[in-house]
Ligand SMILES: [Zn+2]
């Protein structure tokens, strides 16, 4: 079953160790949205940010 992983480092937050491994791409977005808000103060999860995240999400079989 495919898993989706995301590392905050991959979108340029080198000091952040946040990473997740979830079952759907949508879960990535909902989790990263919360993380971006509380950890980095991004209150708007913009399309630009979403695209950035989308590009670095890795699919793992
Ligand atoms: Zn982060």
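What follows is calculated from the coordinates using simple rules that are stated; it is not laboratory data. Quick caveat, the model's predicted, so the values are computed rather than measured. Backbone-built Cβ (ideal geometry, glycine too); neighbour counts: all protein chains shown.
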Nearest-ten-degree value, helix 25-40 long axis tilted from longest Cα axis of the chain: 30
When 40, 35 are arranged by how many other beta-carbons sit within 10 Å of their Cβ, fewest first, they go 40, 35
Relative contact order of the chain (C-alpha contacts under 8 Å, at least 6 apart) in percent is 45
Rounded tilt (10° steps) of 47-56 against the dominant C-alpha axis of the chain: 40
As a check on your grasp of the helix formula, calculate [θ] at 222 nm for the chain: sum -39500 (n - 2.57) over DSSP H runs of n ≥ 4, divide by the residue count, round to the nearest 500. -13500 deg cm²/dmol
Fewest-first ranking of 16, 8, using other Cβ atoms within 10 Å as the exposure measure: 16, 8
Likely footprinting exposure, 54, 44, fewest C-beta neighbours within 10 Å first: 44, 54
